[in-house]
Every structure is written in C-alpha cells, then in structure tokens.
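The values are calculated or read from the model by the stated rules, or taken from the named source; none is laboratory data. Small disclaimer: the values here were computed from a predicted structure and weren't measured. When we count neighbours, we look across all protein chains shown, and the Cβ atoms used for this are built from the backbone with ideal geometry, even at glycine. The area values use the complete protein model at the heavy-atom level, side chains included, leaving out ligands, DNA and RNA. Shrake-Rupley method; radii C 1.70, N 1.55, O 1.52, S 1.80 Å.
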Amino acid sequence: MLRRIFNRLLGGDERRVDSRTIYIGHRSCPASEAFIPPPKFCDNRIVSSKYTIWNFLPKNLFEQFRRIANFYFLIIFLVQVIVDTPTSPVTSGLPLFFVIIVTAIKQGYEDWLRHKADNEVNKYPVKVLEDGKPVDKDSEKIKVGDVVEVKENETFPCDLILLQSSRDDNTCFVTTASLDGESNHKTHYTVPDTEKDLDSLSATIECEQPQPDLYKFVGRMHIYKSNQEPAVRSLGPENLLLKGATLKNTQKILGVAVYTGMETKMALNYQGKSQKRSVVEKSINAFLLVYLCILLSKALVCTTLKYVFQNKPGQDEPWYNEKTQREKDTNLYLKMFTDFLSFMVLFNFIIPVSMYVTVEMQKFLGSFFIGWDKDFYDPEIKEGALVNTSDLNEELGQVEYVFTDKTGTLTQNNMEFIECCIDGFQYKYHDSSSELDGFGVTYGPMSKLQQKAGWEREELFLRALCLCHTVQVKESTEQPQGQEDGQKNQVDGSVLDGEVPSAPQEEKGFIASSPDEIALVKGAMRYGFTFMGLESKTMKILNKNDVEMYELLHVLNFDPVRRRMSVIVRTRSGDTLLFCKGADSSIFPRVKLEEVERIRMHVERSATEGYRTLCVAYKCLSAEEYEHADKGLKEARLALQDREEKLTAVYNQVETGMSLIGATAVEDRLQEEAAETMEALQGAGIKVWVLTGDKMETAKSTCYACRLFQRNTELLELTVRTLEERGRRREDRLHELLLEYHKKTVQDSPLAKTSWSVGNQDYGFIVDGASLTMVLNSSSDSNTSHYKNLFLQICQNCTAVLCCRMAPLQKAQIVKLVKNSKGSPITLSIGDGANDVSMILEAHVGIGIKGKEGRQAVRNSDYAIPKLKHLKKLLLAHGHLYYVRIAHLVQYFFYKNLCFILPQFLYQFFCGYSQQPLYDAAYLTMYNICFTSMPILAYSLLEQHIGMEVLLCNATLYSDIAKNAMLRWPPFIYWTLLGVYHGLLFFFGVRLLFGNLALPDNGQVFGNWSYGTIVFTVLVFTVTLKLALDTRHWTWINHFVIWGSLAFYVLFSLFWGGIIWPFLSQQRLYFVFANMLSSVSTWLVMILLVLLSLLPEILLPVLRKPRGPHARQKKMVESSEGGLQSPRSPARPLLMRTFSDESNTVI
Amino acid sequence: MVKEELSTENRPDNTAFTQQRLPAWQPILSAGIIIPGFVLIGLAFIGIGVALLVTSQSIQVMEIDYTGVDQGSPCFKCTDSTVSNCKCEIEFTIDKLFEGPVFFYYGLSNYFQNYRKYGASKDASQLSGDLDYFTSPATECDPYIKDNNDKPIVPCGSIANSMFNDSFVLSRLINGAKEVVPLDGKGISWWTDYNVKYRNPSITPLKNAFNGTVKPINWPRPAYELDTSDPANNGFINQDFLVWMRRAALPNFRKLYRRITEGNYADGLPAGDYSLEITYNYPVLSFDGRKKVVFSNVSWMGGKNEFLGIAYLVIGSLCVIMSIVMLIVYAKFKFPDED
C-alpha cells in the first residue's frame, strides 16, 4: 500500500497515470518508442496478515487500546499504579490483562492462520517463461511482465492477460467459483495475433491502474513487428484471467502478468468492508456516558465532602491517625486531585470491562445458533445459513423495513419457458414428449389459437432464440484426459451423423450467467431448434436434422441499463443478421410501430400473469451497414477512456430500425412460502418494499402473488405511465400526484397512525425508476427536499411499496433515503444477485440468498440464507430472541454494577471519605469475572422468554420490541432505579444490623470486612436470583450456572478465608466468611434483604398479569385454529389468477 | 480471505442444544403460585419476627457514657490531658438481675477506625511473628515505622499505636463495701485471630524477641508486658490487642472488653449498686469523640437488635396484606386462567 503511494509520488508526474505500461517478457520494444524504464510494480506476494512477529506486540496493543473502553481501563490501571489508591492495581489490572491477553491470543492465532494461508499462496510453484523455457519459481517471485504458464485445474497466480491457449480456438475456460461463486465456465479469449511464437513477440500492454471491479478491465496491446507499424489490439475483461480463478477444460495457457500481489483484483476486493454498528451498541454507548457521569459525580461529591468533613475540628488529623510527612508536604490541590482520582478508581467498577467481553462472547457464540439451525438447511444446495458478522444479531430483531429483490429472492429464478408469441399469434407449449415428433413439419399442436404465423417467421423467431444469447454448452466431464478431443469428436460426430438422439442432449445442459437465457434456449429446443454450441466463432444449430452454421461476428452484451442484448451473425449464404432481445420497453422504441401493437397486448397479458417477458427483434444488415457497425464497435472496444459510454453509443446506433418478431414469456416461480413469509413480516409490523429491475406489471403480479398487495389494497401509482397522462408536463403532474397521494394516505387517515386495523384502507404504492429519479433530483432544489418528504410520508403510510425498473444504484438510494429518514428506522435488504449488493451494503442488515445468480450477494451480506422462507424464522424467532437477550444482558450488566458500587459509595459517608473499600480486593476483582458472569452469559445465549414456535405463529409479538423498546430510556431508568434501590437496601439494611452490639452468640464483634462481606453476599445472591426470576427458560445449563455460581461464591469465600495466603501481605478476610455464617442474625438479615430486594420483581409481573402468558397461550390457540381455517395456504397454486384487479388501481 | 464452501455434507447437527430445543422448565409466576406463596412467606416472617422481637426484648443492655463532657460528671477531671494516671469512678444501680453471662463492652463514637490509611497501617508479617519484619517494618506503617532514634517500632503502625488503653474495675457495693466483680478476659477475640492469624515470635522469653525495637509511642508498656497478670496473654496475642486490631466497620462502635462469667456472677449481675473504676487514659475529646461502657447479655440472635424483629414483622405482614389485596383483585376481575 505504502509502496504504491510512494510509487505514485515518485512515478513521475509527467507519465502518470491512469494507465500502466507493461513490457511483455521484459523485452524492450524496438526503435520507434524510447524505452521507458518500467516503473517498479509490487511483487506477487499476498499479504493478508496484519502483523509480523516483530510488530505484533506493539501493533496489537495499539489496536486494542484504541478502543475507548480498553483505553479507559488502562487509564484507571495507570492511576492505580501511580497514585496511592484504595484498591490495588491488581483489581482492575487483572481483568484488563485477561481481556487483552485473550483478544491478543485470538488475533494472533487468526493472523497465524493468515500467515500460513499467505505462505501457501506465496510459495506455490509456478512456471515462468525465461528465454522461452519454463522455469520453476515461487509464486511470490512473479513480476509484472513475466509470462506465466498455467495448467488445467490450477489457479492463476496473478492477474494475467491471456496470450496463448492450448485450445485450437484460442479460448480458455475459467471458473471464478472462489471469486464470486459462479461455477459456470466462462470463456476467455487470447489477444489476436499473439497466439504463436511468443519468443519473438515484442509488445507492450497499456492498461488502467489496478481497480477492484472484477468485471471491468480496459487495456490496449501494442504489438511491434519488424518493419511494420505497431498493431494495436484492445483488451477487455474477456482477455483478463483473474487471480483466484481456476483454469478448466484447457490443458495449459500462457499469460503475461499485469497485476500482481496486492494489486490483483482479488486482493483489492478483499479489503475490509465498512463496519456496521448495531443500535444496541449505540444504546450501550449512551448508557455508558450516563454511568460515566454518575461515576464522575460520585467522585466529585466524595472529594468535596471529604474536604468539608476535614474542616470540622479534630477531623483533619485525629491523633490516632497522624499524617505522614509526605502527606503533610503535598500541595492541597494536588491532594484534592489525587483524592478525586482515588475515588474514581474506587468506583470505576461501575463500568465493567467484563461487559464488553460478555457482549462480545454473547454475540460470537450466539451467532452459531443461526448456522446450526437445521431449519435453515437446504438439502438442494446442501448448505445452511451463513453468518458473516456476529455484530448484528440483535439488529435482526429490530427490522422495520425490509427491502427485497424480486428475481431470485421472491421468485425462484428457476425459469421455465411458458409461451411465446410470434407476430401476434400465441403459442403455448403443452406436452413435451407426445408432440415432439410431428413438430418440425407443422407447428400445429403447439398453437393454442388455430391461427398461426407463417412458418418462415416461426423459424426466424426460433433461430433468433437459438442465436441471440451467450449460453455455453456444458462439456461432459466424463473424460478427464484428452477432454478437448473427446468433446470435439462428440460434436463433430453429431454433426456428421446429423442425427442426435434428443435425450442425451437434454442432459447435456447449458451454462449461462442468466437463467432466462437457458430457459429460452431450452424452449427453442422443444420446438426443434437445438443450440449445439459455439466453436471458433461459429454457432451451430440443429434444426431437426439439419445443422445450420452461423458465424458469430459480434456480441452486443447485455447490461441492465440498456436492458437488451444483440448478436450479429453471418449466415452461410453471407447475409448479416442482427438479432436482439430485451425488455419490451427497450425494444419497442426501436422497431416499427405497427408491429408493436400486435405484440404489446400479449406482452402485457403475460406480464400480468407474472411471467417475465422478452421481445425478440431482428434486422438484416447490409454490407455497408455492417462495415460501419463493425468499425464502430472495434473502435469503441479499443478506446482506453470512456469505453463503456462509447460502446453504448455504438450499440444504440446499431440496434435501430429492427423489426419485431415476437415475444417470449418465461415463468419465474415464486420461492417456497414466499407469500407466507411476506404475510408474517407484514404481520410483524415490518414494511416490505420490493425493489426490482423488472417490469411494473410483472413485479405487481408477483406482489399480488406474495400477498403484499391484497385485493382490497388501493394502489397508488407513480410511474411514467401515470405521469404522462393528460398531456401535461411531467413535473406538474408529479407534484399533483404526490400531493394527492399524500392527502389520501397521510392527511385523510389520522387513524392510520394510532391503529391500523379496523376498517382502514390499505394502500400500496408503486413507483418506477424514472419517476423516482424525478422525485429525488427535481429541477429545483427546494422541491427536492419537499418531494422527498412527501414521498417518504406516502411510503411510510402504505402497507407495501413496489419500486420497479430500478437500477442497482437506485436500490441503494432508496435504502439510504429510508435509513436516513425521521426516526432512522432499521432497514434490512435481502437479495441474491450482484445487482443487490449495493443495497445489501447500504442497509443496516444485509442478507444474501444463496441463489443462482452467483455468490456476490452472499459474499457482501451480513447473513446468508438458502431460501427466502428462512427470513421469517431469522427475524421473528432468532432476531427477536437475540434482541431480547442482549438488551437484557446490557441492562442487567449496568444494574448489577450499580448496586455493586453504590454501597461502596455510601460507605464513604461512614468512613470519613477516606476511600476505604467496602469489599475485599478479591471480591472486587471476582465479582464481574466469576461470581455473576456465567449466569447472565447463559441467559443471554439460551433465554427464550417466548418459545420459538409461538414467536413464529404470532408475528405481532415482533412489534412488541420494535424501536429498540427494551433499551430506551424508560426501561433503562427502571433498571437504574432498581439498582439504586438494591444498593440502598444492601447498605442500610446491613448498617441497621450493625446497630447490634454483637452478632454471634458468643458476644464477639464483627469488623469492617465482615460488614463488607455481608453486603457482598446479599449482593451476589440478589443479583443472581434477580436473573433467576427473569429467566423464563430454564435449561439444565441455566440451573447449572445459576446455582453453580452461588455455590462457587460460597465455596470460594470459605476457601479464600480459610487459608493464610502466603503471598498476601494482609489476611483481611481470614475466617471472616465462616465467622459470618456462625451468626444467626446475619443469616436472617441476609434472607430478609434478598427477599425484600426481589419483592418488587415478584409483584410486578403479577400486577401486570392480564397480558401475561395466559393471554399468550390463548393467542396461540387462536392462531392454530386460524391455521386450520386456511388450509389453502401451503398447497395453493403459486400464482393467484384473481389478483389482477386493475379496477383498484388509482390513476 | 476467500471462504471455502464445504462441498461435503454440512448439514447442521440435529441436537437439542444446537437447535435451541433443550428441555426447559418454564416457570410462570402466576397468581395461583404467588398468593399462597406470599401467605406462606408472610406467616413465616411474622413468626420469625415475633420470635426475634421477643428475644430482643428479653436482652438487657445498659450503657454508661463516661467521657466526662459535663462538668458534673465524675470523669470530667480526667478530660484534661495534662493529668496522667487519672482515675474516676462511676456508680450505677441495677434494678433487677442482669442475666448472665454478661458481656462488658467499651464503646467509642465518632472514631474512624475505618479510615483507609489507618486501616492499612500495620504489618501483617510482623504480627504473625516474623522476626525479619521486626527490624524493618512495612512502609504501610508510616508514620509509625521508626521512632526518632531510628529504632523500629514493634508493633508498628497507627492501629497498634492507637490501642485503647482505658481499664476498668467493676465492683459491687454491698453495704458500703466493694466487692470486685471478676472479669474474664479470655475468649473476647476471634478464635482464629488468637490461634492462627497473630503469632508471637517463638523465642522465650518473649522479651528477647523485641530486642532492638521500641514500643509504640502511645503505649505505656511494650507489647510483651501488655498483661502483667498473665504472662501468656502478651505480645501480639494479647486479647485486648487482638480486639482492637479488628477494625470496626462504622465510626460508632463497641468492642468487647471482658465477660462476666465467674464466681458469684456466673448467673449475672444481681440487682444492686455497682461502682466502675475507670483508669482514664484514652483521649477522645480532641475529635469530639465519646467513650462509654456497655453491659449486655446475648441470646441466640446475638445482641439486642429491635430492627431485625420489626423488619421481619413489617415485611411478613406486608406479604400477607399483598396476598389479600391480590386475592380481592383477582376475585373481582376473575382469574385469567379460568376463562
């Protein structure tokens, strides 16, 4: 990193700097250009470790003490060491030391693992070409410009530009499973003209500086041949082999290293994600501040009172307690200051180190339960849930807004070709096996309506389906050796024979980045057009028995902005054809109007039925047109700057004036239990927003199917369609609509805020990307914030919001908008694809679905689950429990330390403010570490105040804890008052007892340590039993730790007081505990105080009874009855046909 | 780095623990449990309370302040610090038999034995008889480590130095004649203090162990001569010393001085007139302190303490009242379990 910056600084201002120049094989290029000495690039060493042996201690300690809490404890410790304080430094030093050591060991171990992994990668043997001969080297020795040889199934040691492949067609196959989880084989291409004779190749590569985007690469290669102008070739992501990817189906390749070590795209991508912090953590910090204030004011009060007290005659220095010479010499103000520090130290236990440790442990251990939950296990992908961060467990119980992607999340992304429409005639596929035979000749059986389009059009349509895609045929893996040949033979053979049984082909399988494409290719296959594969730029189609060959000239790639893709192919007869498929909105403007009308109806009908529609168009290119397009495309591809924009411009130019052939409808089935999940979420008071890039109609029907919109839901639309009505300016109409909807949802339903149940009209809000842009970026600034507010208010009053036609970035914008709105609600994003990553990262909690669109979403998420249906349990059961657990943990921790320290504070009033500790040092140290830590940890891991099943059945329970209900100020004040009450009771209760002359029946008297021990015993028993009262779910572990802790306390005290400890200078507690037990009065007072402390705790739940567990049981019965009444739910058809009730739509 | 996805069967374990389905007892504090529970607890508490109160009532306590603040009081003459070896006598009357065994305490008020620095000002190793610490006492003893001649003080420190040194002789006046009441000075300190925690150096005679050391500044006699009547009760295991060394928790405290268990007084102090002769050495007026003697007898609950009995009675009755209130509330609004 540093070196890079250094390089940049030194690398010369004149030559920097959007690109780097690489000399292939380190050969200087001939003549024409002056040889610029290659700048130093970083080596290929991967360093993911943070520490070395030498810097581990200082660096790790520095890192740890950067945490405010640790620093605070360090300060306290230092004060104890430097100043003469009441408690020994051990009391705070030991816990701090323990925490620091444990953390350091954990981090050290993790770093050791990283070192090991790094070494494995760095010492991996690779072959580097030197003078034409491969030489073995360690991976870390690779330099930029080296030519590296990689064999099949090896991973690339750095980012390489593919120069030569052992395959005939100058391609190689690669899987990026370890990078983004996409296990399909991706084709990469060699740079033209470099494939042979690498030894004599003299070329430079100019490419952009390293950047983390895995799918972007721009570069240019200059090839110098003797006596010729240097040839220039464009380089794109298809030429770049990424470090971490694996070579497949290719014997070996040669490539030149362009990015090495920490500059590879993989390394750049694994630099830490930004840390998300949970609301609970913020609450803890707020509470900490309060307690810090309490601490400071306590110390201040005591210091002041101390000097007031000492002003009384005779009390400054009574004869029995003479000051030492040093004390007499010390400056008064310095004395005051050290007194203040001493009081701070005495009371510092009010903010315990152990809380941080316990919270961390709770989060870390607690998160295992998600991974362990077998309900999250999906037998299909053989995986359960994945927890990427344990910091946000409790946030799952606080979600107010769920933003969900549609495709792959609400729906299965398991596409099935349903029907198509050619020239306005509908074709529906009925049965595959019976009608397959007769189908090449006549398409009769396929046609639902007996009318048909001409067979030429049909064939054209099917050819378009077969050609216009980027699907690959999965090569058989049966022959690991000589695979290439085998594959070729197979294909060749089939071509020669001209007859391939259909069954093996079905099995053959296709690989594509989008499941739509596979569905379409398979769809075409059913109609008799089988895509055979792409071989050296030639696409083969098996049309019944004939093989048709097309030369693939250009692929105009799909991107989410254009929402279409095209291919340009040349037929055998020499015609150049462009096939284009894409969303209707992006195709319709580019075809003839009269064709549109015939198709539009079908498209819209299919869309309302919840199908994904694509339109297919084609165009014959004349030779000139093609020349022009070819030139444009090549130029744009060579551009180093703004390549994307230039390409898009050329694409737009080429894809015009097409003629529409037809449309396809692909069904994307709903995820299992999608509707139930959504219903449960809404029942839990969570607002569900669907953010999708899909068409409004499709998305709307999915919403109906998921029961996000009910039949009586009134839909408010803010889309281009409604905006363009009545021929007015869009801006005016936007303003008008916003006001109208706002009136409807916010002003006219004042009830909506108080109760949303009875007779209230549900509203659903639909907005599309274009309208959203208008809302967010209105022409005038004053309007923007106004519109934003209106928009938000409308949204917040609707039960469900659908945002369609969203670009990935817009999704994140929406999330951000809601996240930063009033009350800063907790947001959750759930998605499965790369396009959801931005919103997953933006939301408070990001959830990835282990879906079919690769693993990027999972990689960037905080939690990953196999299916959408798991979200219900994750939020309603796990989230709810985690929140309750940690909230209770936090409150309990503050409480128990308040009532721990309060008696010590009160004691100062009785000991002349001399900072005399009430408790022995052992008790001070062990209180938080041993005596009271385990029960709360067990509680915070195991508590189920309401059973999981009940939580799942009654979604409304989720809203009970909404808005951080258990960590707001009222409960905090309640706990604080409880702590104060207990503290007062402990201290004064024992004080009244000590009014007695003698406690044991032998007339002897107790000293100050007995006093402290009695208070401490009452304290330990009370806080432990208080937790026992709060525990609603007693497993054997709870029993063990609660009773075990108490027993441990008693045994420890007996042991601690039972021995003269050789290493202690003062045997203060010797036999104090045992002596205490010998007094009946002490027993009685302890029982009394414990009971009196807990009395309010016992009474309170009784007085609150009416909505206690019985009501809950009743609810459960009701809900189970409800479940019986609606048996339709599980076995319902996946799409309800009754929903497209257009009349509900407000326009 | 890259998280390897396990391709093997990684189905989560189906155990009760991992699935959070451990068998659990789910107690619910319902009215059905709480009302009878409260009644029971309440009754038990009332019972204990009554027992405590009755016991406490039967315990006799007599306190006599002898500081001598008032000019009329017998010990006023001794409050002048210039007078040494001052003795004063207080007479008092016991109306009815003060049942034995009677415990004789001395009490100090506004005396902060729980000052932090005061409390730390002793050397535990020295007090456990370790001769190494006789020559160089611990620094905590400051300012009573060494005297002006740089000789180590044994026992060092403020606590030892400020040991209570008034002494008392109790006599019963029978027909004008004094009969000295025998006072038992054994067993007034904790058994463990006497036998384990504090040890004399194992050198006989004990005096030799203190060679080269000086007595605490305020002490009239060195540690090995604390009890002139009983040679075994000297050094660090002197009972009065041990009682003093156990610091009191609060600024108003009492410490056991003697027990009256012997002779005619084994059954208690009979009714009659008594005189208490006080050797007044200990100054307390400089810090507005008070001194007193207390006679008390004890029961199974220790000394007299009304608080405990009253508290038990109050809380016991509170529990009963609460349960009655709850019963009424629930009778009115029905038990939620039953509908």
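Based on alpha-carbon positions alone, could you give the equivalent ellipsoid semi-axes of region A:592-697 from the gyration tensor, as √(5λ), descending, whole Å?
39, 22, 10
Give the lysines whose C-alpha is closer than 18 Å to that of A:LYS896, dropping any in the same chain fewer than 8 places away, or say none. Output for A:LYS896: A:LYS298, A:LYS1026.
Measure nothing but the geometry: give the 0 to 90° angle between the long axis through the Cα atoms of B:31-58 and the longest principal axis through the Cα atoms of chain B, rounded to 10°. So the helix axis and the longest Cα principal axis differ by about 10 degrees. Considering every alpha-carbon pair of the protein assembly as shown, the percent of pairs per 10 Å bin, from zero through the bin containing the longest distance, is 1, 7, 12, 14, 14, 12, 10, 8, 7, 6, 4, 2, 1, 0, 0, 0. For region A:324-397, just say rounded, prolate or oblate: build the C-alpha gyration tensor, square-root its eigenvalues into a ≥ b ≥ c, call rounded for a/c under 1.5, and beyond that prolate if a/b exceeds b/c, oblate if not. Prolate is the answer for region A:324-397, as a/c is 1.5 or above and a/b outweighs b/c. Heavy-atom accessible area with a 1.4 Å probe sorts A:PHE510, B:PHE76, largest first, into B:PHE76, A:PHE510.
May I ask for the percentage of alpha-carbon pairs in region B:68-160 that lie more than 16 Å from each other?
Of all Cα-Cα pairs in region B:68-160, 72 percent lie more than 16 Å apart.
Summed over both chains, the accessible area lost when B and A associate is about 8800 Å², using a 1.4 Å probe.
Take B:VAL180, A:VAL399, B:VAL83 and sort them by solvent-accessible surface of the protein heavy atoms, 1.4 Å probe, largest at the top. Walk me through the intermediate numbers first.
Details: B:VAL180 90, A:VAL399 5, B:VAL83 65 Å².
I get B:VAL180, B:VAL83, A:VAL399, largest accessible area first.
Ordering B:TYR274, B:CYS88, B:VAL320 by Cα displacement along the dipole of chain B toward the positive end leaves B:CYS88 in first place; charges were set at the Cβ atoms of Lys, Arg (+1) and Asp, Glu (-1).
For the cross-link pairs A:LYS265/A:LYS581; A:LYS406/A:LYS428; A:LYS537/A:LYS867; A:LYS127/A:LYS631; A:LYS328/B:LYS197; A:LYS328/B:LYS292, the ones whose C-alpha atoms lie over 28 Å apart are A:LYS265/A:LYS581; A:LYS537/A:LYS867; A:LYS127/A:LYS631; A:LYS328/B:LYS197; A:LYS328/B:LYS292. Sorted largest first, the spans of the alpha carbon positions of region A:891-1037 along the three principal axes are 63, 34, 25 Å. Heavy-atom accessible area, probed at 1.4 angstrom with all protein chains present, ranks A:MET361, A:MET266 as A:MET361, A:MET266, highest first. For region A:309-320, backbone phi angles converted through the Karplus equation (6.51, -1.76, 1.60; θ = phi - 60°) give residue-by-residue couplings of 4, 6, 6, 5, x, x, 9, 5, 8, x, 4, 7 Hz, Gly and Pro being listed as x.
With the whole protein complex present, A:CYS158 retains an accessible surface near 0 Å², based on a 1.4 Å probe. Secondary-structure-derived ellipticity at 222 nm for the protein assembly as shown, considering helices only, amounts to -12500 deg cm²/dmol, per-run term -39500 (n - 2.57) for DSSP H runs with n ≥ 4. In this label model, A:ILE68 and B:LYS178 are separated by 7.2 nm, measuring between points 7 Å along each Cα→Cβ vector.
The convex hull drawn around the Cα atoms of region B:61-303, when projected onto a plane and averaged over every direction, covers 14.2 nm².
Calculated FRET efficiency, A:GLU548 and A:SER200, Cβ-Cβ r, R0 51 Å, to nearest 0.05? So, using R0 = 51 Å, E works out to roughly 0.80.
For region B:61-303, the relative contact order comes to 40 percent (Cα pairs under 8 Å, sequence separation of at least 6).
Considering only B:SER162, B:TYR144, B:THR67, whose Cα is most displaced toward the positive end of the charge dipole of region B:61-303, charges sitting on Cβ of Lys, Arg (+1) and Asp, Glu (-1)? It is B:TYR144, whose Cα lies furthest towards the positive end.
Normalising the Debye intensity of region A:375-419 to I(0), with uniform scatterers on Cα atoms only, and taking log10 at q = 0.29, 0.33, 0.34 Å⁻¹ returns -1.09, -1.06, -1.06. With a Förster radius of 22 Å applied to the C-beta separation of A:MET336 and A:LEU296, the computed FRET efficiency comes to 0.90. Only Lys, Arg, Asp and Glu carry charge here, each on its Cβ (+1 for the first two, -1 for the last two); on that basis the protein assembly as shown has a dipole of about 2920 debye about its Cα centre. Can you tally the net charge around B:ALA124? Count Lys and Arg as +1, Asp and Glu as -1, for every other residue whose Cβ sits under 10 Å from the Cβ of B:ALA124. Within the 10 Å Cβ shell, the charges total 0. Take the Cα of A:LYS106, step 7 Å toward its Cβ, do the same at A:LEU739, and the gap between the two points is 5.8 nm. The relative contact order of region A:517-607, computed from alpha carbon pairs under 8 Å that lie at least 6 residues apart in sequence, is 14 percent. A straight Cα-to-Cα reach below 27 Å connects A:LYS744 with the lysines A:LYS687, A:LYS695, A:LYS700, A:LYS753, A:LYS788, A:LYS811, A:LYS816, A:LYS819, A:LYS822, A:LYS963, residues fewer than 8 places away in its own chain not being considered.
Around B:SER56, what is the net charge, scoring Lys/Arg as +1 and Asp/Glu as -1 over all other residues with Cβ under 15 Å from its Cβ? That works out to -2.
Projecting label points 7 angstrom from Cα along Cα→Cβ for A:GLU624 and A:ARG729 puts them 4.3 nm apart.
Projecting the Cα atoms of A:MET539, A:LEU1095, B:GLN19 onto the charge dipole of the protein assembly as shown (Cβ charges, centred on the Cα centre) puts A:LEU1095 farthest toward the positive pole.
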